[in-house]
Amino acid sequence: MAKEFELNEMEFWDGNYAASQALRQAQVDVVAAYPITPSTPIVENYGAYQANGYVDGEFVMVESEH
């Protein structure tokens, strides 16, 4: 079971952070991603959520964009 993640104050997010929050909130089972600029922060944030127990999904690092 994933831990609860609380936001207690107003925050301003960029698009990458918002996308990673959407993945966290959706509790997806698998994320397959190729970390390439400008989307690298999405993958980094999801990895941090996984490491800290906020998501139970699996992360698959693909080897190319194609």
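Within the range 24-40, track down each residue that is in a helix (DSSP H, G or I) and farther than 15 Å from residue 61 by Cβ.
Taking the range 24-40 and keeping what is in a helix (DSSP H, G or I), we get 24-26, 40.
Of everything in the range 24-40, those that are in a helix (DSSP H, G or I) and farther than 15 Å from residue 61 by Cβ turn out to be 24, 25, 26.
Take residue 11 and tell me if it is exposed (fewer than 10 other Cβ atoms within 10 Å of the Cβ) and of a type outside the set (S, T, N, Q). I'd like the intermediate steps shown before the answer.
Working: exposed (fewer than 10 other Cβ atoms within 10 Å of the Cβ): yes; of a type outside the set (S, T, N, Q): yes.
Criteria met by residue 11.
For residues in the range 30-66 being among the hydrophobic types (A, V, I, L, M, F, W, C) and under 15 Å from residue 3 (Cα atoms), which is surrounded by the fewest Cβ atoms within 10 Å (Cβ to Cβ)?
51
May I ask you to list the residues in the range 20-29 that are on the phi < 0 side of the Ramachandran plot and surrounded by fewer than 16 Cβ atoms within 10 Å (Cβ to Cβ)?
Across the range 20-29, the qualifying residues are 22, 25, 26, 28, 29.
Pull out all pairs, ordered by first then second residue, where Cβ-Cβ is under 7 Å, the residues are six or more apart or on different chains, the first lies in the range 46-65 and is under 12 Å from residue 24 (Cα atoms) and without any contact (Cβ under 8 Å) to a residue 24 or more places away in the chain, and the second is small (Gly, Ala, Ser) and assigned to a loop (DSSP other than H, G, I, E, B).
Cβ pairs passing all conditions: 50/57.
Every number here is computed from the coordinates shown, using simple stated rules; none is lab data. Quick caveat: nothing in here was measured; it's all calculated off a predicted structure. Here the Cβ is made from the backbone with ideal geometry for all residues, glycine too, and neighbour counts use every protein chain on show.
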